[in-house]
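Asker: Please find one structure pasted underneath; my questions will follow.
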Amino acid sequence: MSEVLESLHRQFRDGLHALDGGAGRFEHRIGAELKFPLVNLGGTAANREMTEVFWHYLAEQGWELVIDSFSGNPAGARTPGERNDHVASCETGYCKIEFSLAHAADLFSLQRSIDMLPDLIAPFAERHTVRFLGLGIHPVTPPSAALLAKQGRASFWDRVFPSNTVLTPEEGDDYLLFTVNTASHVHVSIAPEAAVRAVNVMNGFSGPIIALTANSSVWRGDVSDYMCTAEKLWDWWAPAEGRVGVPKRPFESTEDYVEAIAKLGPVYVNRDGHPITLRRYPTFLDYFGAEKAIGEDAEGNPVEVVPEPGDIETHNSCCWYNARISRYYTVESRVCDQQPQEALIVPAALALGLAFALDEGQEELDAYSWDDLRAARDAACKEGLEGESSMSMMVFAQRLLNIVETGLKRRGRGEEQLLEPLWQRLQQRTCPADDAAAIVRERGIEALVAERSMEPK
């Protein structure tokens, strides 16, 4: 093994073991990142100024403003949670409001954090005649540069991954697709020896998870051809092929995971709070193996960079698999659309249940080829629970829920009751995307906005 790879392996091993804390018994914790479209009553994206007004509203509620180091402007707010902070921010699009909730010991504690959100944001929404939606994509306003957040991480994608497969040059670069998608991501603290196995299991079950949770069937003001349009955006972003969705193969070990991502092209590193892009190197290994590397600052000027082991964490964050090891060394499930208000907890329940039933999950996945599992993702994006590939999506989804229920029961806290919305969807053979499409066809976009708005408890 080369000295370069060994350095990267050590960085990952140390990061994973740091979560253990040396206590002798690993403590599983769970966090959530919930993104919501911020829209006007007619479903169009709220204006840019509304986002900054919202940050100041949170400050009035006792939150602390977060200042973006790139722009110097308010870019969010934070408030203390149990172990770490709850953080509000916007992602690629300014009109995608994200709440990263402090990690909790169980789903009921996380549910209490989730339940605070509607009560927090509803008064602001009423005062300013806007709405935060339980949808997985903006329903009306198309992707565009006008929606782009003015912050460091959003400033360079067109230079690193230039593409116009979906959007015309007049509309902007294809990375702008991600100004409108709103997902529900989950972070689970998992013992180091089980982390890559959990990544494989969560990736393998992408198909039935999407089938049960798809919620992006309405975008650009009309019903889409897909139940989960938001997931398809990753496929349509051509330059990111090989680093999105379900990986081309499962990973064999932590070392294999590190080597696989290190063979992908580098994107950027952070120095002094500013992004430095790395376009000269075919792989991250080529960059990391250089004594001194050359990158580009925000204006495209060449900048000398000394590679650091921690750069692999930033690089890893530019691999957008449905499940991955995050830069915080949690296992991150990224596959779910944002859910309707009454089911905001279900992505976390799915991820945590799988994490506690890895043996059962792997046994189920072993019945299929990896290519079949990748195809199931495509079928679920298109048809939801009615999707068919080499397997019945309904049957696959039922087996998933049985396994997740087993995992949650194993924890002995009664958390399996939080799966009830998913069992109802399975019984009715519908996901939230089916309901959203029906509302728009029968009553229009404004009715969808009214039904999917966050309301006080």
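Asker: Under 4.7 Å Cβ to Cβ, no partner at all: give me those cysteines from the chain, in residue order.
Answerer: C90, C95, C318, C319, C336, C431, each lacking another Cys Cβ under 4.7 Å.
Asker: Let me ask something else. Using only the Cα atoms, work out Rg/Rh for region 1-133, with Rh taken as the Kirkwood radius, to two decimals.
Answerer: Dividing the radius of gyration by the Kirkwood radius yields 1.09.
Asker: Across region 176-188, in residue order, what do the Karplus-derived ³J(HN,Hα) couplings come to in whole Hz, using 6.51 cos²θ - 1.76 cosθ + 1.60 with θ = phi - 60° and x for Gly and Pro?
Answerer: For region 176-188, the Karplus-derived couplings read 5, 3, 8, 8, 10, 7, 9, 9, 10, 9, 10, 10, 10 Hz, x marking Gly and Pro.
Asker: Something else now. I'd like the distance between the alpha-carbon centres of region 182-253 and region 353-403, rounded to an integer number of Å.
Answerer: So the two Cα centres are separated by 13 Å.
Asker: Can you tell me, using C-alpha contacts under 8 Å and at least 6 residues apart, the relative contact order of the chain as a whole percent?
Answerer: Reported as a whole number, the value is 21 percent.
Asker: Here's another thing I want to ask about it. Starting from the Cα of K96, draw a straight line to each of the lysines and keep only those under 30 Å, dropping any in the same chain fewer than 8 residues away.
Answerer: Those lysines meeting the cut-off are K35, K150, K232, K248, K382, K457.
Asker: Taking H as built 1.01 Å from N, whose amide H comes closer than 5 Å to the amide H of A183, not counting residues under 5 places away?
Answerer: K35, Q338
Asker: Also: Across region 392-401, in residue order, what do the Karplus-derived ³J(HN,Hα) couplings come to in whole Hz, using 6.51 cos²θ - 1.76 cosθ + 1.60 with θ = phi - 60° and x for Gly and Pro?
Answerer: After applying 6.51 cos²θ - 1.76 cosθ + 1.60, I find 7, 5, 4, 5, 4, 5, 5, 5, 4, 5 Hz.
Asker: I'm spelling it out carefully: the read-out is percent of Cα pairs over 43 Å apart, the candidates are (1) 45; (2) 8; (3) 29, and one was derived from this structure. Which label?
Answerer: Correct label is (2).
Asker: Identify, among P250, I325, L422, the residue whose Cα sits farthest towards the positive end of the charge dipole of the chain, taking +1 on the Cβ of Lys and Arg and -1 on the Cβ of Asp and Glu, with the dipole about the Cα centre.
Answerer: L422
Asker: Would you list which lysines come within 29 Å of K292, measuring only between C-alpha atoms, while excluding same-chain residues fewer than 8 positions from it?
Answerer: K263
Since every read-out is calculated from the coordinates, none of them should be taken as a lab result. Keep in mind the model is a prediction, meaning the values are calculated, not measured. Here the Cβ is made from the backbone with ideal geometry for all residues, glycine too, and neighbour counts use every protein chain on show.
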